[in-house]
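Accompanying notes for the structure given below.
The values are calculated or read from the model by the stated rules, or taken from the named source; none is laboratory data. Here the structure is a predicted model, which means the values were calculated and not measured. Using ideal geometry, Cβ is built from the backbone for each residue, glycine included, and neighbour counts are taken over all protein chains shown.
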């Protein structure tokens, strides 16, 4: 387990990625055993596609990350963030833990999407993109802020990586 440094400060006008782990950085749902060892129900290695995100973001130094994964509720922020490769971990400026879903959102399946939207609005973010395979119920006014990945291919899919690069090129005047 890696020690997590104090997260950088969230900068409202910096381009921001909301990052889910399952279906984005890996394929499968995480399982934690009594020793704290994480495995995936798919049998695949955790974070198999994290290197793709590291490579894509290398040209975009101002991109900041907010972690949105459900692993936060089980492992806590420090351990969840500490699992990321250092190149991603140093970009993390927060999590959505402090923005819980509403009961109605849990009931109608829009909890993940609405949590991200409320977090972005609360913090005054304007240039942001959520990477997620399960963000349902996104209002039409916010669809441009969500890149839905395929849970069976995650960022292993060339099309998903292409879409991310296109969003970065169109929305970030900070590199590339």
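Return yes or no: is residue 164 outside any helix (DSSP H, G or I), modelled with pLDDT of 90 or more and surrounded by 15 or more Cβ atoms within 10 Å (Cβ to Cβ)? No; evaluated as a whole, the condition is false for this residue. Going through the stretch 61-96 one residue at a time, which ones are modelled with pLDDT under 95, out of contact with any strand residue (DSSP E or B) (no Cβ under 8 Å at 6 or more places or on another chain) and outside any helix (DSSP H, G or I)? Scanning the stretch 61-96 gives 61, 62. Determine whether residue 35 is in contact (Cβ under 8 Å) with a residue 12 or more places away in the chain and over 27 Å from residue 126 (Cα atoms). In short, no. Does the stretch 126-135 contain at least one residue that is closer than 17 Å to residue 15 by Cα, part of a loop (DSSP other than H, G, I, E, B) and more than 16 Å from the chain's Cα centre (by Cα)? Looking through the stretch 126-135, at least one residue is closer than 17 Å to residue 15 by Cα, part of a loop (DSSP other than H, G, I, E, B) and more than 16 Å from the chain's Cα centre (by Cα). Of everything in the stretch 147-161 that is surrounded by 20 or more Cβ atoms within 10 Å (Cβ to Cβ) and in contact (Cβ under 8 Å) with a residue 24 or more places away in the chain, the residue that is farthest from residue 104 (Cα to Cα) is 155.
Scan the stretch 97-125 residue by residue and report those that are loosely packed, with under 15 Cβ neighbours inside 10 Å and either in a loop (DSSP other than H, G, I, E, B) or in contact (Cβ under 8 Å) with a residue 40 or more places away in the chain (or both). 98, 100, 102, 109, 124, listed by residue number.
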